[in-house]
1. With the structure loaded, tell me whether residue 187 is surrounded by fewer than 16 Cβ atoms within 10 Å (Cβ to Cβ), over 25 Å from the mean Cα position of the chain (by Cα) and in contact (Cβ under 8 Å) with a residue 40 or more places away in the chain or whether it fails that test.
2. Restrict the check to segment 290-300 and report whether at least one residue is surrounded by fewer than 17 Cβ atoms within 10 Å (Cβ to Cβ), modelled with pLDDT under 75 and farther than 28 Å from residue 185 by Cα.
3. For the condition in the same structural domain as residue 201 (by TED's automatic domain parsing) and touching a strand residue (DSSP E or B) at 6+ places or on another chain (Cβ under 6 Å), what is the one hit in 96, 177?
4. All but one of (1) in the same structural domain as residue 75 (by TED's automatic domain parsing); (2) modelled with pLDDT of 90 or more hold for residue 213; which doesn't?
5. Does residue 74 meet the test of being closer than 18 Å to residue 37 by Cα and either modelled with pLDDT under 95 or over 23 Å from the mean Cα position of the chain (by Cα) (or both)?
6. Which of (1) modelled with pLDDT of 90 or more; (2) within 24 Å of the chain's Cα centre (by Cα); (3) under 17 Å from residue 190 (Cβ atoms) does residue 227 not meet, given it meets every other one?
7. Surrounded by fewer than 18 Cβ atoms within 10 Å (Cβ to Cβ) and over 22 Å from residue 169 (Cα atoms): is that true of residue 44 in this structure?
8. Which residues, counting only those in segment 90-117, are under 25 Å from residue 199 (Cβ atoms) and over 19 Å from the mean Cα position of the chain (by Cα)?
């Protein structure tokens with residue numbers, strides 16, 4: 001019955017909150033080394049495909065092919081119809097061994113002179129891959145093509161891009177990350193668990209939380225340290241949430257128990273769910289609580305809060321480790337202005353911007 005309920009809820013959520021992928025290219029197929037990327041229209045031969053067997057610092061690493069340019073000014077174009085009645089997000093991973101200005105434009109033919117709206121503009125000067133992403137609230141027209149434009153700055157010698165994507169953004173699209181946690185704990189013990197609510201839709205929403213379980217009691221939620229059952233979640237934003245619950249003392253050892261946290265909004269047209277699973281521990285078996293590390297705010301004005309249990313390392317934009325710590329609870333860290341990557345003990349990496 002539990003699995004049936006979960007399946008039905010997933011189907012309902014998918015109907016209203018699925019963000020459609022319009023275009024994605026990881027350059028992994030039908031490309032040839034040092035030739036123009038397959039499917040792209042290039043004004044000259046300054047954009048080329050390449051292959052290099054190596055590890056990457058980014059989560060979205062899909063393979064070892066990529067596209068790169070070392071030209072003085074480089075354009076390439078992709079046919080992709082974009083209606084001004086919709087909203088979009090453009091994303092590309094980029095790395096430079098010097099300094100480049102990376103831009104994404106929209107227009108109605110595969111020519112630089114036909115590009116009329118600038119969607120994304122970011123300076124790439126890192127020795128690590130950075131995620132360049134922008135949410136486009138207003139399309140000034142209907143476009144048949146988008147173009148990627150690269151311009152070297154201060155003697156930049158090469159720009160590499162990978163995993164280019166264009167997504168259609170729906171009005172409501174929010175989810176919990178992670179969507180579930182699995183633990184082992186003693187009956188009667190208190191569970192503390194963290195997750196993040198992420199809003200990838202184009203509307204701000206107020207999220208209402210409710211707990212559903214016959215296995216846990218005394219369930220409470222905390223946002224920014226305040227106990228609450230609702231919170232504001234801006235579009236393209238993230239809010240960390242902490243839950244506290246007590247596993248009923250009469251649960252049999254070895255039994256599987258859960259508490260479902262449901263997230264809804266006023267219109268009732270979209271929903272999401274987080275599930276905390278707990279196996280009741282046998283006598284003498286050590287508890288195994290999983291308490292993911294949350295990091296906020298992002299972007300930050302200099303001070304970030306790190307909350308959870310485990311270990312983490314902080315890397316600067318050059319890939320140099322500047323901090324490594326174990327944590328059990330909550331602490332604050334001050335960092336100079338810049339871009340950082342925080343790697344947690346579960347190998348997940350999160351980009352933090354200090355303004």
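1. No, not satisfied.
2. No; the residues of segment 290-300 include none that is surrounded by fewer than 17 Cβ atoms within 10 Å (Cβ to Cβ), modelled with pLDDT under 75 and farther than 28 Å from residue 185 by Cα.
3. 177
4. (1)
5. yes
6. Of (1) modelled with pLDDT of 90 or more; (2) within 24 Å of the chain's Cα centre (by Cα); (3) under 17 Å from residue 190 (Cβ atoms), only one is false for residue 227: (2).
7. yes
8. Result: 104, 106, 117.
The values are calculated or read from the model by the stated rules, or taken from the named source; none is laboratory data. Note that this is a predicted model, so its numbers are computed, not measured. Glycine also receives a Cβ, built like all others from the backbone with ideal geometry; neighbour counts cover every protein chain displayed.
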